[in-house]
1. How much length would be gained if the chain were fully extended between A406 and E27, taking 0.36 nm per residue of separation minus their Cα-Cα distance, in nm to one decimal?
2. Out of these labelled values of percent of Cα pairs over 34 Å apart, (i) 46; (ii) 52; (iii) 32, which was calculated from the coordinates shown here?
3. With just the Cα atoms defining each centre, how far is region 41-77 from region 390-430? Give it in Å.
4. Sorted by average packing, counted as other Cβ atoms within 10 angstrom per residue and highest first, what order do 139-152, 115-128 take?
5. Report relative contact order for region 70-140 in percent, whole number only (criteria: Cα-Cα under 8 Å, sequence separation at least 6).
6. Determine the sum of side-chain charges near E440: Lys and Arg each +1, Asp and Glu each -1, restricted to other residues whose C-beta is under 15 angstrom from that of E440.
7. Quote the Stokes-Einstein diffusion coefficient, in whole µm² s⁻¹, for region 56-205, based on the Kirkwood radius over alpha carbon pairs, a temperature of 25 °C and a viscosity of 0.890 mPa s.
8. Residues with beta-carbon under 15 Å from that of Q121, excluding Q121: net charge, scoring Lys, Arg +1 and Asp, Glu -1?
Amino acid sequence: MEAHLQRGVPGFSIVGLPDKACQEAKERVRSGIASAELEWPLRRITVNLAPAGLRKEGSGFDLPIALAVLAASRQVPPERLAEHAALGELALDGRVRPVPGALVAAEAARRAGATRLLCPQESAPEAALAGIEPVSVRHLTEAAAYLRGTFEPPTVAAIRPLSKGTHPDLADVRGQERARRALELAAAGRHNLLLAGPPGTGKTMLARRLPGILPPLTLDEALEVTRIHSVAGVLPEGRPLVERPPFRAPHHTSSTAAIVGGGPGPRPGEASLAHLGVLLLDELGEFHRPALEALRQPLEDGFVAISRVQGQCVFPARIRLVGTMNLCPCGARGDPAVECSCSPQRLASFREKLSRALLDRFDLVVVVPRARSRELGSAGEPSDAVRTRVERAARREAPPLERVAAELLDRAVDTLPLSARGRAKVGRVAATIAKLAGEERVAPEHVAEALSYRSPSELAAWS
């Protein structure tokens, strides 16, 4: 941030490709300096946002612009700014407000050689995660007093670990042992899961209990997820670090840009906000087909690449995709107690909502039947017990295939049939089954179970 004062008609201009919000900083900075009882220079002021060829967006430049003007007018010592970076929006009364992306900005400042970051008090714990010393200020007067050496900022409190999670418990689910088993496999092996069946069978209830059995994030993973949430401005208040796998469940009316990211910025979408966690698409067939098809690339590559004229943004998106859906428009298909009333035309239109290419990206496909009365009387295994097995399996290396198991998998390619992608996914699921069982090698029974989740007869007929 460069500021230059010269004689002439008083004026204030900002150059260096600022966007509309950045251009409006002129009024916020002028009012903020006046409200802080500091002197506004009656000179021609030019502020350059370097490098000039990179577009600047947002209101986070307010505080550094104000400090650059104060340093140029010798109201704060310019040499004190050498080791500092700054981030924050100014209110008209001089208060410093938080902005999205504090963690990413702090990491960039540290790489650029800064040792301290002047930032809003609310952003200080987030900035501290980057390994830089945050200088938290509530008002522009505090920032100026700190640089003059007459104000000592408060110490940033350490992040307290989260208490035990409050996710819904699997014990609430009655029956549905096959679907519960698939949920455990999805958690242990980071597999994509499709739950299909009549309404009221517990598909959504099961899917919403997946986060409660996921392994905890490592510190590196937590920082990776926090960066994305910080840039998107969705970090929960008072919790600067995302410590648990995220869970996102967008509405079926969401646009393609909302699901995979985009916009003029662009900004991360739901797929990136669910990075290392769960993306639930409830009523999968009701989502816009372009939005669903846009998920095919991130499901394979683990990232979303968004290209614009100004350049390309790459957002991580290694997710567990969980979809729930009915087997027909009326919902009766798959329910022995109700007769399906859908015409062939309605069924054909329903089938066209999901491409075979997208269906092929689900590792586990389970048709959830209506539970019987005797299954509804007893509670299922609680999430804590399942999560213990999942964590133990997640720490193990993937075991190799036995020769007989590999032969079984090869025969399945021609019998089912399986695509090359499908074969690889069945192998990965079989390895997860072996890890959960504590086996050193993938046996034929593990492959057989993995194949049973691939093409249930009901869904094969539907698709």
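Read-outs: derived from the displayed coordinates by stated rules, not from any lab. Fair warning: this is a prediction, and the values are worked out from it, not measured in the lab. Note: ideal-geometry Cβ built from the backbone for every residue, glycine included; neighbour counts use all protein chains shown.
1. Values: separation 379, 0.36 × 379 = 136.44 nm, distance 6.92 nm.
Contour length minus the Cα-Cα distance gives 129.5 nm.
2. Here the calculated entry is (i).
3. Using only Cα atoms to place each centre, the spacing works out to 59 Å.
4. Working: 139-152: 18.1, 115-128: 23.5.
Top to bottom by mean Cβ count within 10 Å: 115-128, 139-152.
5. Details: 122 pairs, mean separation 21.9, N = 71.
It comes to 31 percent, rounded to a whole number.
6. Working: positive: R392, R395, R396, R403, K435, R441; negative: E397, E402, E439, E445.
Summing Lys and Arg as +1 and Asp and Glu as -1 gives +2.
7. Numbers: Rh = 18.8 Å.
Once the numbers are plugged in, D ends up at 131 µm²/s.
8. Numbers: positive: R95, R97, R116, R138; negative: E89, E122, E126, E133, E142, E152, E237.
After counting each charged neighbour, the total is -3.
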